[in-house]
Amino acid sequence: MLNNTLPKYFDPRKYANQKVALEGRVALALMPELSEVLTSNEGDAVVHLDFRVDEDRRYIATGSVKATVHLECQRCMHPVGIELGVDLSLGFVYDEDHAKNLPAEYDPVVMTEGEVILADMIEQELLLALPIVAYHEENGCNPMALKYASSTDDAPDDEIKPNPFSVLADLKVKKS
C-alpha cells in the first residue's frame, strides 16, 4: 500500500499480517502538542512504515519519520529550521502490561480497541526527537541580538571600579 494518502486510523494486526508498507505525509498542523512548541506548524512529516509479524508473533513496524520543524532560536529569538529524522522500531501491544514484555529494541505503542491514530503516534515520535535547545549556526543569527546577548560588551575593560570594602580597610587603619 504505497501511496501518499495515509489513513487516519490503522489496525496494526491487519497490516502486519498482510505485510503492508505505508508511505506518505502527515501535516504538522494535525499535531496539536507539537504545534504548541513550534513557531510555525506549516509543513509535513514524511512517514515510511513496514509492518510485519516477527518470529514471536508480535505485531511490529519499522521505518522512519522525517520532518523540518521551526523552533525559536535561543540566541536571537527568531525561527530556526531544524531537520528531524527518527528511525522507528515499534511493537504494538494491547496494554501497559504487554508493553513491559516487549524487547528493548521495540518502542511500545498501545492499541486502543485494536486501532492506532497515525498522527498521534507520529506526533509523539517527533516530540521525543526535538532538541532540548534550538540555535541557528552562529553566523545565521541576527547580529543585533547577538551584540546584546554577549557578556563581553557589557562593561568596558578600562573602567576601574572602587572596592566596596575599602571603607572597612580605612576604619581598620584608624583604630590602630
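What follows draws every value from the coordinates through simple rules; no lab data is involved. As the structure is a computational prediction, the values presented were derived from the model and not from experiment. So basically every Cβ, Gly included, is an ideal-geometry build from the backbone, and we count neighbours across all protein chains shown.
Placing unit charges on each Cβ (+1 for Lys and Arg, -1 for Asp and Glu) gives the stretch 9-154 a dipole about its Cα centre, and among L34, Y106, H136 the Cα reaching farthest toward its positive end belongs to Y106. Between 0 and 90 degrees, rounded to the nearest ten: what's the tilt of helix 118-129 against the longest Cα principal axis of the chain? Compared with the principal axis, the helix lies near 30 degrees.
Of all the options D95, D56, D107, the one that moves most in a Gaussian network model of the chain with Cα springs shorter than 10 angstrom is D56.
GNM remark for the chain: springs join alpha carbons under 10 Å apart, and the peak mean-square fluctuation among L38, L49, L128 falls on L128. Which whole-number percent of Cα pairs in the stretch 16-76 have a distance greater than 15 Å? Beyond 15 Å sits 61 percent of the P(r) for the stretch 16-76.
Just to be sure I understand the curve: with the Debye formula and one point per C-alpha of the stretch 1-46, what is log10 I(q)/I(0) at q = 0.17, 0.29, 0.30 Å⁻¹? Relative scattering, expressed as log10 I(q)/I(0), comes to -0.59, -1.02, -1.06. For the chain, a crude dipole built from +1 on the beta carbon of Lys and Arg and -1 on the beta carbon of Asp and Glu, taken about the Cα centre, is about 400 debye to the nearest 20.
For the chain, the normalised intensity computed at q = 0.16, 0.17 Å⁻¹ comes to -0.97, -1.05 (log10 of I(q)/I(0), Debye sum over alpha carbons, equal scatterers, no solvent).
For Cα pairs less than 8 Å apart in space and 6+ apart in sequence, what is the mean separation divided by the residue count of the chain, i.e. the relative contact order in percent?
Relative CO of the chain lands at 19 percent.
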